[in-house]
1. Within the range 194-229, how many residues turn out to be in a strand (DSSP E or B) and either within 26 Å of GLY106 (Cβ to Cβ) or touching a residue at least 24 places away in the same chain (Cβ under 8 Å) (or both)?
2. Across the range 389-427, which residue is farthest from ARG17 (Cα to Cα) among those that are of a type in the set (Ser, Thr, Tyr) and surrounded by 23 or more Cβ atoms within 10 Å (Cβ to Cβ)?
3. Would you point out which residue out of ALA182, ALA243, ALA232, ALA249 is in contact (Cβ under 8 Å) with a residue 24 or more places away in the chain, more than 19 Å from the chain's Cα centre (by Cα) and surrounded by 24 or more Cβ atoms within 10 Å (Cβ to Cβ)?
4. Can you tell me which residue among LEU33, LEU28, LEU41 is under 28 Å from ASP389 (Cα atoms), of a type outside the set (Ser, Thr, Tyr), assigned by TED's automatic domain parsing to the domain that holds GLU196 and in a helix (DSSP H, G or I)?
5. Of all residues in the range 294-329, count the ones that are under 22 Å from ARG367 (Cα atoms), hydrophobic (A, V, I, L, M, F, W, C) and not in a loop (DSSP other than H, G, I, E, B).
6. Return a yes/no flag: does the range 289-296 have any residue that is in contact with a Gly (Cβ under 9 Å, 6 or more places away or on another chain), touching a residue at least 24 places away in the same chain (Cβ under 8 Å) and surrounded by fewer than 24 Cβ atoms within 10 Å (Cβ to Cβ).
Amino acid sequence: MDSFIIRGGRPLRGTVRINGAKNACLPLMAAALLTDQPVTLRGVPALSDVRSMERLLATLGCELSAQGTTRTLRGTDDSKNTADYDLMRTMRAGICTLGPLVAARGTATVSMPGGCAIGDRPVDLHLRGLRALGAEISLDAGYITATAPADNGGRLRGGHVFLGGPNGSTALGTANVMSAAALATGTTVIECAACEPEIEDVGRLLIAMGAKITGLGSPRVTIEGVDALGGATHDVIPDRIEAGTYVMAAAITGGDVVLENFPTVTLGAALDRLNEVGVTVRPEGANAAPGGFIPGMTDTVRVHAARRFNPVQVVTQPHPGFPTDLQAQMMALLTVADGNAIITEKIFPDRFLHVAELLRMGADITRVGPSAMITGVRELVGAPVMCSDLRASAGLVIAGLAAKGTTTLNRVYHLDRGYEKMEVTLQALGADIERVKEN
């Protein structure tokens, strides 16, 4: 396993182009199971989760061709319908193959998924949604088996599906049910559907493949089932979480960074909180033309930060609220703010494994239930810390970039799941960071 060695205190300067969204790519790739025609995705990042999904789809009868950031997937063997534990344990998004498999092939057996240790993330909403479409569900030895009803010609039936849970809607569950409903007979209405931009992106691909879907981006999505779906070519949206991460990295170092392919329109809540902290994200080039800036999906922006940060209150919520995937990064930024800040986690209340590591670096944080109170300190101090999950790791990188001295980040394989060669990107911006093999 690898580690990062970070010698903090260097302002970041330069330009970064934001990659395609990890959280869109994985369910987009799974949608290729819905057809025997080629599905081409452009802007696919080089991530370990993407490679895991490629291997999983290969075991499910999909052929893959790759050229740069373009991937073409084509289902060539519809007799394969089992997603094994060895591949599923490395990423949660493997569950997205369940809906497409049962919709297109009549049956699917999928291992319970793995992924980051950020708290309880049950798949019951996925199963509830598929049951509402007529699927028969059974659980055995850690595997989920779903079968389409025999009395409907082996096809799912349209139905009314409610996907709300105790912490809001489910993004991957919405992608799963929406994909399955595209090939069901009749009409499906999903209530409390996830509104995340990545799920909208999945819907746009399905429409390009011939699906009939309305209401994308709203809590009610309607799908009229069709008999078959075809191939399509689709551009993956930029990664809003990667974008937000680099904004905060630039800000905490007092840097001057330009971000290209920046999805401003998807980051309203995060940019609002950052503005209150004292971090502004301003349009550049053509975006800065007179007449007012209209937030888009592929903007060019420049990050500017005040000398001292203001404390704020942050509450994570389903989109369009503040993203839970930026909570750890925001916490790192607030450790050096003037005064007391509060972060409340309403999506995954146990998502605070990074707190103990930030304390090792001199942060002053008190955890109370689903909230953390952060009292800003004058400076962070480098220390050996442990990566526990993908986004917590990004938060620790941000802290390390600002800390006095040297920070050693262990188990950075978590970062490789969601950030493409992060150390190379940061080196290009002037950071003193290197990847080394763990002893």
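1. Here the count works out to 7.
2. First, the residues of the range 389-427 that are of a type in the set (Ser, Thr, Tyr): 393, 406-408, 413, 419, 425.
Then keep just the ones that are surrounded by 23 or more Cβ atoms within 10 Å (Cβ to Cβ); that gives 393, 407, 419.
Details: SER393: 21, THR407: 26, TYR419: 12 Å.
The residue in question is THR407.
3. On the way: ALA243 fails: more than 19 Å from the chain's Cα centre (by Cα); ALA232 fails: surrounded by 24 or more Cβ atoms within 10 Å (Cβ to Cβ); ALA249 fails: more than 19 Å from the chain's Cα centre (by Cα).
Just one listed residue meets the conditions, ALA182.
4. LEU28
5. 6
6. Initially, the range 289-296 is screened for residues in contact with a Gly (Cβ under 9 Å, 6 or more places away or on another chain), giving 295.
From what is left, the residues that are touching a residue at least 24 places away in the same chain (Cβ under 8 Å) are 295.
Of the ones still in play, those that are also surrounded by fewer than 24 Cβ atoms within 10 Å (Cβ to Cβ) are 295.
Yes, the range 289-296 contains at least one residue that is in contact with a Gly (Cβ under 9 Å, 6 or more places away or on another chain), touching a residue at least 24 places away in the same chain (Cβ under 8 Å) and surrounded by fewer than 24 Cβ atoms within 10 Å (Cβ to Cβ).
Yes or no, residue by residue, for (1) in contact (Cβ under 8 Å) with a residue 60 or more places away in the chain; (2) among the polar types (S, T, N, Q):
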position	(1), (2)
GLY278	no, no
THR316	no, yes
PHE322	no, no
LYS346	yes, no
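To keep it simple, each residue is scored yes or no on (1) of a type in the set (Val, Ile, Thr); (2) in contact with a Ser or Thr (Cβ under 6 Å, 6 or more places away or on another chain); (3) under 14 Å from ALA269 (Cα atoms); (4) assigned by TED's automatic domain parsing to the domain that holds GLY255.
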site	(1), (2), (3), (4)
ASN310	no, no, no, yes
PRO320	no, no, yes, yes
THR324	yes, yes, yes, yes
ALA328	no, no, no, yes
PHE352	no, no, no, yes
GLU357	no, no, no, yes
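The values are calculated or read from the model by the stated rules, or taken from the named source; none is laboratory data. Keep in mind that what you see is a predicted model, and the values were worked out from it rather than measured. Glycine also receives a Cβ, built like all others from the backbone with ideal geometry; neighbour counts cover every protein chain displayed.
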